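Throughout, read-outs are computed from the coordinates displayed, never taken from laboratory work. Being a predicted model, the structure only gives us computed values, none of them experimental. Note: ideal-geometry Cβ built from the backbone for every residue, glycine included; neighbour counts use all protein chains shown.
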Amino acid sequence: MFKKRSDKKEFLDADFIPKNDLFQNLTELNTINTLLGGHAVSVKAFKKFGIQPGEKIRIIDIGCGGGDNLRTIANYGRKNNLNLELIGIDLKPECLEYAKLQCVNYPEISFIQSDYRDLIQTGMEFDIAFACLFNHHLSNEENELFFDWCYTHSKRGFFINDLHRNPFAHYSIKWLTQVFSKSYLVKNDAPLSVLRGFKKNELQSILHKNKIPAVTKWAWAFRYMVICKK
């Protein structure tokens, strides 16, 4: 079960999800990422870029979901006097509706409903791209295109934060969500997402196909960071 990435689709990948169910899912995902350290991994990866106060930096979050990672980066930026413009990109209008409500006190955050691949056609430029818990939704071939796109179009590079496919991580999150979650989406998708996650060599193989100079590092709790600095 853990030797290869699962190709089973998560409930969250459906074209239509009742809005109340989706909102509950996004709320619980933020709680899980806060308590288990997922947000801290995003900050750890972002810090590798060494952004200095006074620099104007535009960052895009691809597959931003409920906007919780954008708030996490924004809070870090505020504490360190960084001049950040943060843009969340997502296909689901309901996700962006939820995210806007959660980010109402963050004027540095805005949102665009779009496929990330269409952004360049609008003339958008950005310094750093990142994604958190987005890449495990993609096939290996789709991830090759994703990494190549981020490397080609970012000025300073990109980073991702995604799941390590591991038995302990799978069974732990399955137990935790069965006991504590009120969302059928979370109960189904959280353990499945681990099965759709990665081994280190798989990420490195995907990156090497397009000769992308990135490093892959493990972080608690069973996450991989891929960091590419230009």
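Worth a mention:
- A full extension of the chain between Gln178 and Asp21 corresponds to an added length of 54.9 nm, given 0.36 nm per residue minus the alpha carbon distance.
- Counting other Cβ atoms within 10 Å as a rough exposure proxy, the listed residues Trp218, Trp149 run Trp218, Trp149 from fewest neighbours to most.
- Ranked by the mean number of other Cβ atoms within 10 Å per residue, highest first, peptides 57-63, 17-23, 181-187 order as 57-63, 181-187, 17-23.
- Sparse-neighbourhood loop sites, GluC sites (Glu not before Pro) in region 94-131 - DSSP loop, at most 13 other Cβ within 10 angstrom: Glu125
- Estimated inter-spin distance, Ile112 and Arg5, nm [label 7 Å along Cα→Cβ]: 2.5
- Debye equation applied to the C-alpha atoms of the chain, log10 I(q)/I(0) at 0.09 Å⁻¹: -0.34
- Contour excess over end-to-end distance, with Cα ends at Ile120 and Trp220 and 0.36 nm allotted per residue: 32.6 nm
- Percent RCO, i.e. relative contact order, over region 101-213, from Cα pairs under 8 Å lying at least 6 residues apart: 28
- Charges were assigned to the Cβ only: +1 to each Lys and Arg, -1 to each Asp and Glu. The resulting dipole of the chain about its Cα centre is roughly 1040 debye.
- Relative contact order of the chain, defined on C-alpha pairs under 8 angstrom at six or more residues apart (%): 25
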